[in-house]
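The structure appears right after this line, and notes come after that.
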Amino acid sequence: MLQVPRRCLTFPKFRRPRNFHPMKIKSPMQLLNLSAIRAEFPALGSDCIYLDNAGGSQVLRRVADRIHDYLITTSVQLGASYAQSQRASEKVLSARRAVAEMINAAHDDEVVMGPATTALMFILTHALLPGIAAGDEIIVTNTDHEANIGGWMRLKQAGAEIKIWEVNRDSLMLELDDLDRILSTRTRWVAMTHASNVLGSVNPVAEVARRVHAVGGRLCVDGVAYAPHRLVDVQSSGADIYVFSFYKVFGPHYAVLWGHRDLLLSLPSLNHHFIGSEDLPYKLQPGNVNFELSWGCAGIADYLHDVGTALGAAGSRRQCMQTAFDAFARHEDRLAEKLLAYLRGQPGVRIIGHERVDEGNRMPTISFVVAGRHSESIVRHVDKFNIGIRFGDFYARRLIEALGLQTQGGVVRVSMAHYNTAEEIDRLIGCLEEVMEVPS
Ligand SMILES: Cc1ncc(COP(=O)(O)O)c(C=O)c1O
């Protein structure tokens with residue numbers, strides 16, 4: 001039976017009002033209508049409290065419906081002359097256009113879709129391999145998820161020298177001065193994350209891009225931990241390549257890699273010999289994209305647009321999406337600060353990342369350790385209350401090792417999304433209060 005800690009009993013359970021219009025917002029203050037928002041995610045009707053969103057977010061009903069619709073109505077091969085195939089082709093192309101619009105790509109053929117960020121990074125670095133010469137320098141960080149490190153490391157086989165931009169162990173930030181010390185005219189690529197999936201910090205990628213471009217290099221940004229919380233703008237990010245996964249952004253296990261058209265055109269084709277290097281994005285999508293997941297992902301853009309218009313936004317679809325993300329950020333900041341304030345008051349707790357939500361520059365991904373406690377013991381206790389959090393290194397293993405936290409089982413990570421409620425955070429805090437008293 002589900003155990004409920006004493007404190008939890010005092011908090012009202014979330015209930016969806018009857019006859020609720022899913023997106024109607026009453027407040028002129030542009031606050032999210034959480035009942036309406038939550039009704040968009042069928043899994044949130046269960047008893048589980050989902051606070052492992054940086055691992056994977058819940059899926060929008062409309063995304064699942066679109067995937068179902070595609071499979072039931074248009075499951076044919078693309079590009080044939082019969083009507084069904086024409087319809088399928090149109091759907092998949094329109095999905096690519098929707099993703100291009102969502103991330104502000106200048107051209108939809110700059111959008112490469114694939115199964116995962118990790119897979120797309122291996123595709124990218126594989127395509128870059130023939131252009132790497134001995135003595136070329138590549139900079140990776142030791143704060144990134146391994147997805148944006150491993151593929152770059154493999155370029156050593158072509159003679160590249162790999163340099164590590166290391167986290168400052170006091171500020172827990174990647175410091176620009178440290179980057180400047182390792183940048184050189186031989187720097188070909190810098191690979192970094194927009195937001196850390198452990199620290200929750202946001203990196204100044206546009207400023208990094210400026211410095212990298214000044215020495216003639218290029219910047220590859222992993223946006224996986226950023227995209228669920230802020231509207232991605234690939235052009236203003238300054239990046240040359242930008243990658244993220246849809247299963248963190250309310251969609252299915254699927255991912256997108258954007259690159260400047262000129263850069264993508266300069267890469268060799270990884271597809272069949274008769275698929276030329278001018279054939280964007282197909283040349284980087286061997287075996288083709290997943291049609292139904294592509295079509296499903298366009299539902300994320302529709303959702304963001306609808307949230308924005310319900311909040312009173314007008315103008316372009318992206319302006320509406322921006323309004324939605326602004327409201328997400330305000331709400332997530334409040335949730336994050338609630339938990340951070342509790343953790344700051346606990347003796348023995350060390351927050352691994354910024355201790356406060358300041359200047360909107362912290363994602364609601366909060367990691368911590370408790371002195372003398374294995375992180376697993378904290379999470380196992382919370383598991384009993386049907387609250388999903390987790391412990392470990394989250395594949396940012398180099399960061400956990402650099403901070404000397406591996407023997408403690410890594411960090412405890414609580415990661416929120418815009419659909420989480422203050423009551424859920426209160427319930428988690430109730431569990432944590434109990435667990436702090438339990439001997440390990
Ligand atoms: C920051 C970050 N980058 C990359 C990845 C890898 O994404 P994928 O599972 O799509 O390969 C993750 C997954 O957790 C992540 O958190």
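The values are calculated or read from the model by the stated rules, or taken from the named source; none is laboratory data. Nothing here was measured: the structure is a model prediction, and the numbers come from that model. Neighbour counts are summed over all protein chains in view; Cβ atoms, including those assigned to glycine, are modelled from backbone coordinates with ideal geometry.
Out of all the residues in the range 271-279, is one or more assigned to a loop (DSSP other than H, G, I, E, B), more than 14 Å from ALA127 (Cα to Cα), modelled with pLDDT of 95 or more and under 19 Å from the mean Cα position of the chain (by Cα)? Taking every residue of the range 271-279 in turn, none turns out to be assigned to a loop (DSSP other than H, G, I, E, B), more than 14 Å from ALA127 (Cα to Cα), modelled with pLDDT of 95 or more and under 19 Å from the mean Cα position of the chain (by Cα).
Of the residues making up the range 376-400, those that are free of Cβ contacts under 8 Å to residues at least 24 places away in the same chain and away from the ligand (no atom under 15 Å from the Cβ) are ARG380, ASP383. With the condition kept exactly as written, say whether any residue in the range 192-205 is within 15 Å of the ligand (Cβ to nearest atom), assigned to a loop (DSSP other than H, G, I, E, B) and surrounded by fewer than 21 Cβ atoms within 10 Å (Cβ to Cβ). No; the residues of the range 192-205 include none that is within 15 Å of the ligand (Cβ to nearest atom), assigned to a loop (DSSP other than H, G, I, E, B) and surrounded by fewer than 21 Cβ atoms within 10 Å (Cβ to Cβ).
Candidates in the range 379-414 are the residues that are of a type in the set (Val, Ile, Thr) and either over 22 Å from SER57 (Cα atoms) or out of contact with any strand residue (DSSP E or B) (no Cβ under 9 Å at 6 or more places or on another chain) (or both); of these, the one that is surrounded by the most Cβ atoms within 10 Å (Cβ to Cβ) is ILE400. Quick check on the range 292-312. Is at least one of its residues over 22 Å from MET363 (Cβ atoms), among the aliphatic types (A, V, I, L, M), surrounded by fewer than 18 Cβ atoms within 10 Å (Cβ to Cβ) and in contact (Cβ under 8 Å) with a residue 12 or more places away in the chain? So far as the range 292-312 goes, no, none of its residues is over 22 Å from MET363 (Cβ atoms), among the aliphatic types (A, V, I, L, M), surrounded by fewer than 18 Cβ atoms within 10 Å (Cβ to Cβ) and in contact (Cβ under 8 Å) with a residue 12 or more places away in the chain. When you check GLU161 against the structure, is it in contact (Cβ under 8 Å) with a residue 24 or more places away in the chain and away from the ligand (no atom under 16 Å from the Cβ), yes or no? Criteria met by GLU161. Scanning the range 94-129 for residues that are in a loop (DSSP other than H, G, I, E, B) and in contact with a helix residue (DSSP H, G or I) (Cβ under 7 Å, 6 or more places away or on another chain), we see that the one that is surrounded by the most Cβ atoms within 10 Å (Cβ to Cβ) is ALA105.
Among the residues of the range 324-368, those that are under 23 Å from ILE378 (Cα atoms), surrounded by 20 or more Cβ atoms within 10 Å (Cβ to Cβ) and among the β-branched types (Val, Ile, Thr) comprise ILE351, ILE352, THR365, ILE366. Looking only at residues of the range 232-250 that are over 15 Å from MET121 (Cβ atoms) and of a type in the set (Phe, Trp, Tyr), we find that the one that is surrounded by the most Cβ atoms within 10 Å (Cβ to Cβ) is PHE246. Could you tell me whether GLY392 is assigned by TED's automatic domain parsing to the domain that holds CYS48, closer than 30 Å to HIS331 by Cβ and not polar (S, T, N, Q)? Against the criterion (assigned by TED's automatic domain parsing to the domain that holds CYS48, closer than 30 Å to HIS331 by Cβ and not polar (S, T, N, Q)), GLY392 qualifies. For ILE103, the stated conditions do not hold, so it cannot be described as touching a residue at least 12 places away in the same chain (Cβ under 8 Å), over 17 Å from TYR254 (Cβ atoms) and either within 20 Å of the chain's Cα centre (by Cα) or within 16 Å of the ligand (Cβ to nearest atom) (or both). Just one of the numbered conditions (1) buried (at least 17 other Cβ atoms within 10 Å of the Cβ); (2) touching a residue at least 40 places away in the same chain (Cβ under 8 Å); (3) within 16 Å of the chain's Cα centre (by Cα) is not true of HIS253: (1). Does the range 166-174 contain at least one residue that is within 16 Å of the ligand (Cβ to nearest atom) and part of a helix (DSSP H, G or I)? Checking the range 166-174: not a single residue is within 16 Å of the ligand (Cβ to nearest atom) and part of a helix (DSSP H, G or I).
Scanning the range 44-72 for residues that are in contact (Cβ under 8 Å) with a residue 24 or more places away in the chain, in a helix (DSSP H, G or I) and touching a helix residue (DSSP H, G or I) at 6+ places or on another chain (Cβ under 6 Å) gives LEU44, ARG62, VAL63, ARG66, ILE67, TYR70, LEU71. Does GLY345 count as free of Cβ contacts under 8 Å to residues at least 60 places away in the same chain and under 21 Å from the mean Cα position of the chain (by Cα)? Here the answer is no, as GLY345 does not meet what is asked. Against the condition outside any loop (DSSP other than H, G, I, E, B), closer than 20 Å to VAL63 by Cα and outside the structural domain of PRO364 (by TED's automatic domain parsing), how does TYR242 come out, does it pass? For TYR242, the condition - outside any loop (DSSP other than H, G, I, E, B), closer than 20 Å to VAL63 by Cα and outside the structural domain of PRO364 (by TED's automatic domain parsing) - is not met. Within the range 265-274, is even one residue within 16 Å of the ligand (Cβ to nearest atom) and not charged (D, E, K, R)? Looking for residues that are within 16 Å of the ligand (Cβ to nearest atom) and not charged (D, E, K, R), one finds none in the range 265-274, hence no.
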